[in-house]
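S.K.: Shown below is the structure under consideration.
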Amino acid sequence: NVVIVEHHKYLSNARSAGAHKRAFYSDDSLPYILLLTLEGKLLAVDTDTLAVTLVELKIPSAMPFKVLTWSDIVGFHNGQLSVEVRMLNKGTQYFIFTAQLPSNFPSFQSAPSVAVKSEEPRTKTTETSGGDVDRMRLMEEQIAKLTSQLSNVDAKWQQKMSEMEKKLTKKSGDAPAQPLTFTKTEDLTDYLVCIQLFNGSMLYFKNFKPRELFAMIDGKRIDADLSLLNGEEDCSFKGVVGNQSFFSAVRGKTVKFFIATLSHNEINFTKVNEEKTSDISLLPSQPFYCLEKSRQWVVYRFDEMHAESAGETFDVSEVDYLSKYDGYFHRGTLYLFREGSTGEISVVNEKVVRVEHPLLDDGSIYVRQHSDDIYILNGEQKTLLTFNTIDRTFEQIAYESPSHCDAHSIVGVLDGILTMKFEGSSGRHLATAQLH
């Protein structure tokens, strides 16, 4: 048996050459053959009534993303249609939508945010044949299982969107937060890098010769042995993970990595790795380095040798002007930051997120793996911007700076207490403020 289906509009160049099979959906258990066009038009060939019906699928207006193409028909079972839609949200994302067909079929009523409307049949066809009963039952069971899974995904997505909307509504309705007020806790007698560990202990690092790394315990100064840095041209503090602080030193074409650990009233300073500077690039203010491999970033800890470790791979192929971003690693996700005209967060893929905000102009970024939040400090505007990595929202708050202090930096955030260092003509000191 041979069936010829024609349509004066929607079967004309409905798909590019070689892509037609992906757009069609047919099964021996169904009396329909379906075709989904790039524009969201569904052509249904009813092999019982020998008619062709055209329906238009519509995305719910609440969806904030732009539809690029209607990609595929995922499944059809017991009158329920599941389709895949390719959408644009500063990068490509795919969504699954479901729609329940009424018994008369030509029109759809979706669940709960997909709307559709129908048009009258346009043309006729000749007859076709059926299929095997056992195969029909097996296919029905498989499609029913898939449809159930897709329904659960859709329900979870709807719940997540509802929770996000409530959080955003609450934030927009809150009264403006009062500026943070700092209390001075310690005067600094030298130009020191102050390092707060996860347990609250403080290390002090003088990063120019003669270099010093020390802690104050019960009023007594404990110094680290930094003889490993003899002959090194420079040494920089690169961040904290837990109760370990990390440092890097570059000499010629070699970069060496070190860890300092405070334990039992002693600071142990050890070398953990070294790499060639021509092979790697360092993530800013973090104890991670990366290799770029054909539009992929592979991120490693300082204590991992890239020749012996798999690292963490990130696909950055869809990020334009990658060099304009600063990359920060946080809990398995690569966050790409840059200054933008408005606050904007876009998901590139499941492991890469772009973050843009005006305060990133001359802003410093503070990232710790134990915290859900990433902090952005703009000392010129005396503003702290908190980026929550769970619900991916911003919270902005001003702070009061001591007079005659033009250099501000975050030392640590622990148990809701923000510790900052202020430097200026009036001196150098540490101060704390309670976050709201």
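S.K.: Could you tell me whether region 313-320 includes any residue that is closer than 18 Å to THR386 by Cβ, open to solvent by 20 Å² or more (accessible area, probe 1.4 Å) and either part of a loop (DSSP other than H, G, I, E, B) or modelled with pLDDT of 95 or more (or both)?
M.R.: No, region 313-320 contains no residue that is closer than 18 Å to THR386 by Cβ, open to solvent by 20 Å² or more (accessible area, probe 1.4 Å) and either part of a loop (DSSP other than H, G, I, E, B) or modelled with pLDDT of 95 or more (or both).
S.K.: Follow-up question, since we're still on this one. Considering region 4-50 alone, what residues qualify as being open to solvent by 40 Å² or more (accessible area, probe 1.4 Å), hydroxyl-bearing (Ser, Thr, Tyr) and modelled with pLDDT of 70 or more?
M.R.: SER26, TYR32, THR49, listed by residue number.
S.K.: Hey, can you tell me all the residues within region 417-436 that are open to solvent by 30 Å² or more (accessible area, probe 1.4 Å), within 31 Å of the chain's Cα centre (by Cα) and of a type outside the set (A, V, I, L, M, F, W, C)?
M.R.: The answer is THR432, GLN434, HIS436.
S.K.: Just give me the residues in region 229-271 being part of a loop (DSSP other than H, G, I, E, B) and either free of Cβ contacts under 8 Å to residues at least 24 places away in the same chain or among the small types (Gly, Ala, Ser) (or both), in sequence order.
M.R.: Passing the criteria: ASN230, GLY231, GLU233, GLY242, GLY252, HIS264.
S.K.: Can you find a residue that is farther than 26 Å from PHE246 by Cα, touching a residue at least 12 places away in the same chain (Cβ under 8 Å) and not hydroxyl-bearing (Ser, Thr, Tyr) anywhere in region 418-429?
M.R.: Looking for residues that are farther than 26 Å from PHE246 by Cα, touching a residue at least 12 places away in the same chain (Cβ under 8 Å) and not hydroxyl-bearing (Ser, Thr, Tyr), one finds at least one in region 418-429, hence yes.
S.K.: What residue, of ALA407, ALA398, is under 27 Å from the mean Cα position of the chain (by Cα) and open to solvent by 30 Å² or more (accessible area, probe 1.4 Å)?
M.R.: The unique qualifying residue is ALA398.
S.K.: I'm trying to understand the selection: among the residues of region 375-395, which are over 20 Å from the mean Cα position of the chain (by Cα) and either among the aromatic types (Phe, Trp, Tyr) or open to solvent by 40 Å² or more (accessible area, probe 1.4 Å) (or both)?
M.R.: Hits for region 375-395 are GLU380, GLN381, LYS382.
S.K.: Show the residue pairs that are 6+ apart or on different chains and have beta-carbon atoms under 6 Å apart, the first residue being within region 177-203 and without any contact (Cβ under 8 Å) to a residue 60 or more places away in the chain, the second being open to solvent by 40 Å² or more (accessible area, probe 1.4 Å) and not in a strand (DSSP E or B).
M.R.: Pairs found: VAL193/ASN207; ASN199/ASN243.
The values are calculated or read from the model by the stated rules, or taken from the named source; none is laboratory data. What you are looking at is a predicted structure, and each value in this text was computed from that prediction instead of being measured. Cβ atoms come from the backbone with ideal geometry, glycine included; neighbour counts cover every protein chain shown. Heads up: the accessible areas ignore ligands, DNA and RNA and are worked out on the full protein's heavy atoms, side chains in. Shrake-Rupley method; radii C 1.70, N 1.55, O 1.52, S 1.80 Å.
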